[in-house]
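See below for the structure under consideration.
The values are calculated or read from the model by the stated rules, or taken from the named source; none is laboratory data. Predicted, not measured: the structure shown is a model, and the values here were computed from it. We place every Cβ from the backbone using ideal geometry, glycine too, and count neighbours over all the protein chains shown. Each accessible area value is taken on the protein alone, full model and side chains, heavy atoms only, with ligands, DNA and RNA left out. Shrake-Rupley method; radii C 1.70, N 1.55, O 1.52, S 1.80 Å.
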Amino acid sequence: MTVSPPPSLRWRRGLRWWFLHRLPGQWYRRPPVREAPIPVLDRPSAGAVPLITCSATTVRFDLRAYAESLVVLPLPLAFDVYVKAPSLGRFDVRVFGILFRTRERPSDEITAAADAFGIDRSLPHARELTAAARERNPYSGLYAQLYPPPEEVTLDLTPDCERLHNYQVEGIRFLVEHEHAMLADDMGLGKTAQCSIATAILMRSERLRRVLIICPKSLVYQWLDEASRWAGLIARPIEGTAWERCHQWANYPGVVVATPNIVLNDIEVVRKQDFDLVVCDDVSMLKNPGKITSAIRSIPRERSWCLSGTPLENKPEDLANVMEFVHKGLFSADEREVAPPLDVVQARVRPFFLRRRKTDVLKDLPRKVVGEPVTLHMRSHQLQAYRRAERQRWESYESGSLTLTRVHVFALINELLQICSFHKESGESAKAEEVGEQLEIVFDSDASNKAIIFTRWIDTLHFLERRWCHFSPLVYHGGMSAGDRKDVLEKFRKSARLLLMSVKAAGRGLNLQEASYVYHFDLTWNPMDQRQAEDRCWRYGQKKTVFVYSYVQKGTIEERIHQVLRRKSVMFGDYVDTLAEDTDETVKAKWSIEELIELLRPSTIPSRSSDL
Amino acid sequence: MAHYVSPQRAYYGGILVTNAKGVPREFRHSEGVRPTKLQEALYGDSLELSLGLDALGPALYDALQLRPDVLLVDAESRQVFGSFLDAHPPAALLVVYDDPEKAFADTISPEGNLLGARELQLKTPSKDRLFAYIEEGDSGGAGFRALADAQKGMNLVSPFQRIRLVLAQVAETEQDRKKG
């Protein structure tokens, strides 16, 4: 049932309808021209200018009323209309806007086109232009949202994109929306996949044209595979002789992958490239203010992304140094030497930082069981050799005949640590015996079980390869060619059961979910190196519970180093986990000579074998 | 073309030119146009039509450096920009229906020609169907050809939402500037 309005209201509505629907067509005429000139846009320059904004002049539409029409208006309204007549049909429209620069053509083509059309190439670069553009157009910061959202673009990428987790979609969006970003997800959550897809999205949207991925040598081929699998990207490695690399830098389009050392060697050529995005996968290369760090920071770019599961391994200054690449000037030079308080670091880093933990986002990921280090007792020859070496060095130091520098001390410590792993002359190794027995049990219990042994020394790798020849182990270390490394990993994934790996060459970035047993044969100087290494297995795609074992020789330098490592693990949690990595060299640099000498001091705790 | 009306009753118009993959090429938008009370009273229901046809539409369209092959409007902004589109063929009204039975003949604007619905591909996982009412003018079918090409590479509807999102933020920014 409808309720009719009262007659008086109906009359007023009818009159209003007549005035409003009949009058405008009769008493105004449409303007033939506009008063103001049409807004003029800046043209895109030949340089890396992503967005050109413009502010516009006001456009006025003057609709003049016919006087004779006004007589039919009620008196008060007619008076009002008469007084305001010039402004009745006037709407002031201020137009702003943007002409998006496309990146689908190489810059030389754009330059050639610019020459052909006589476009002034002396226009300012994007970074110089930004402040002025913002002043002219206060809305210029909003226009990036006009690009298709990541979900819309991923629909067209590869079939693997359909299997993305929600946290991965969120990570992709984070990267797409941030020019300066650090993705610090736990190892194994798919940082490479997220970065590949985000890169592909930006390339499809023509926001990126050339991309440089900097990663350790061991990850180069993995990057090529993952970029193709996840995002259909064709990435090309920069490798070969200096002449070949120079040709590759200049001619490879799209995504190129290079190691930090190659970037350092070719830095003059790299600086001349027009990279839109530089990605550092594994940030340990950025933590020390050395040549590599300076070279990487100096690469001209529009976007800077970092990928790292462990952005802080030893000290908060690391994070400040890494962020200098991600967002220049976030921390001053002094703050990169001595970091500000924890809350200050977190507050500054947070807008550019995304970290998710496996336990939070992969509820169905099997557990990782990390046991306390197993304490072992050395066999007689091994122990005698250790004590002899320890005593000789210490006596020489105490007698003053040995002048110890840091390099000397590290050499002595490494010598002792190597004896803890195995005795070269006798071939005795308490660890090899223990781990060998464990491996027999693991392989017998389930034919599908696979194990990885991580060690710091290539000598140890070859020793274990000979000792465990009945397991037909595969060996992977930094001295191998990229092709050989790739073959070893493929063989391990397909058929082999035991993989012996150098922690330095293999600890970061690799996907080895086929293995579920990890053995740290010796200790690293950095707890994060161990965590990185074991997470090669404990990552997305792992089906079994991962067991991690480590070993410490009783009454030796290993025991003392283990105590220090435990302390350092606590600091990582303070800085990074609340928001959301370091190499041997940086760890070593933070040890005072006194601390190191203290490590060398012979143990007062007698070993069981020594009692024999 | 799309519009947004702020809580302060200011009208914002936007026109986004994309390529056939949905990648933005050019965007123009207005600041808020706030009709006076007298204008609201005099124009009444024809206010939005007049704003779109006489003010926002021409201002945005004339500011473009890139000329689009076809002008598009969705159901939400038909009231504002429909008449302007009718005057600038080829142009089309895009409507998403959950039931294809709803797609009868329709007009882009109240004074426009009655047009038949032509189904296009909607690049989303949903079961909704996309229909276009195309006013070709004397373009010889150029409007449909442009849409048929674009439907393969982009979601034809999502740009309208993105324009409104930006316009809403333009409105907020403008308010903040006025206050600040």
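Only a single criterion out of (1) among the polar types (S, T, N, Q); (2) within 26 Å of residue A:533 (Cβ to Cβ); (3) open to solvent by 30 Å² or more (accessible area, probe 1.4 Å) is not satisfied by residue A:194, namely (3).
Reported count of residues in the stretch B:2-13, each being under 30 Å from residue B:149 (Cα atoms) and more than 9 Å from chain A (Cβ to nearest Cβ), is 4. May I ask you to verify whether residue B:122 is touching a strand residue (DSSP E or B) at 6+ places or on another chain (Cβ under 7 Å), within 14 Å of chain A (Cβ to nearest Cβ), crowded, with 16+ Cβ neighbours inside 10 Å and more than 25 Å from residue B:53 (Cβ to Cβ)? In short, yes. With respect to the stated conditions, residue B:139 fails to be open to solvent by less than 50 Å² (accessible area, probe 1.4 Å), part of a helix (DSSP H, G or I) and polar (S, T, N, Q). Residue by residue through the stretch B:53-92, note down the ones that are of a type in the set (D, E, K, R), within 14 Å of another protein chain (Cβ to nearest Cβ) and within 22 Å of residue B:154 (Cα to Cα). The one that is of a type in the set (D, E, K, R), within 14 Å of another protein chain (Cβ to nearest Cβ) and within 22 Å of residue B:154 (Cα to Cα): B:67.
Taking the stretch A:247-350 and the strands (runs of 3 or more DSSP E) fully enclosed by it, the elements with 1 or more residues that are among the basic types (Lys, Arg) and farther than 24 Å from residue A:510 by Cβ are at A:303-307.
Can you confirm whether residue A:175 is closer than 24 Å to residue A:297 by Cα, in a loop (DSSP other than H, G, I, E, B) and of a type in the set (A, V, I, L, M)? No; evaluated as a whole, the condition is false for this residue. Return a yes/no flag: does the stretch A:526-534 have any residue that is surrounded by 21 or more Cβ atoms within 10 Å (Cβ to Cβ), modelled with pLDDT of 80 or more and either over 21 Å from the mean Cα position of the chain (by Cα) or assigned to a loop (DSSP other than H, G, I, E, B) (or both). Within the stretch A:526-534 (the criterion being surrounded by 21 or more Cβ atoms within 10 Å (Cβ to Cβ), modelled with pLDDT of 80 or more and either over 21 Å from the mean Cα position of the chain (by Cα) or assigned to a loop (DSSP other than H, G, I, E, B) (or both)), the answer is no, since none of the residues qualifies. The set of residues from the stretch B:143-162 being within 14 Å of chain A (Cβ to nearest Cβ), over 21 Å from residue B:12 (Cα atoms) and part of a helix (DSSP H, G or I) comprises B:150, B:151, B:152, B:153. On inspection, residue B:50 qualifies as over 20 Å from residue B:114 (Cα atoms), of a type in the set (S, T, N, Q), within 12 Å of chain A (Cβ to nearest Cβ) and touching a helix residue (DSSP H, G or I) at 6+ places or on another chain (Cβ under 8 Å). Return yes when residue A:540 is at pLDDT 75 or above and either among the polar types (S, T, N, Q) or assigned to a strand (DSSP E or B) (or both) and no when it is not. No; evaluated as a whole, the condition is false for this residue. Considering A:149, A:124, the condition of being open to solvent by less than 60 Å² (accessible area, probe 1.4 Å), in contact with a Ser or Thr (Cβ under 8 Å, 6 or more places away or on another chain) and either modelled with pLDDT of 75 or more or of a type in the set (Phe, Trp, Tyr) (or both) is satisfied by A:149 alone. Are any residues in the stretch B:17-45 among the hydrophobic types (A, V, I, L, M, F, W, C) and either out of contact with any helix residue (DSSP H, G or I) (no Cβ under 8 Å at 6 or more places or on another chain) or more than 18 Å from residue A:153 (Cα to Cα) (or both), and if so, which ones? Within the stretch B:17-45, B:17, B:27, B:33, B:38, B:41, B:42 qualify.
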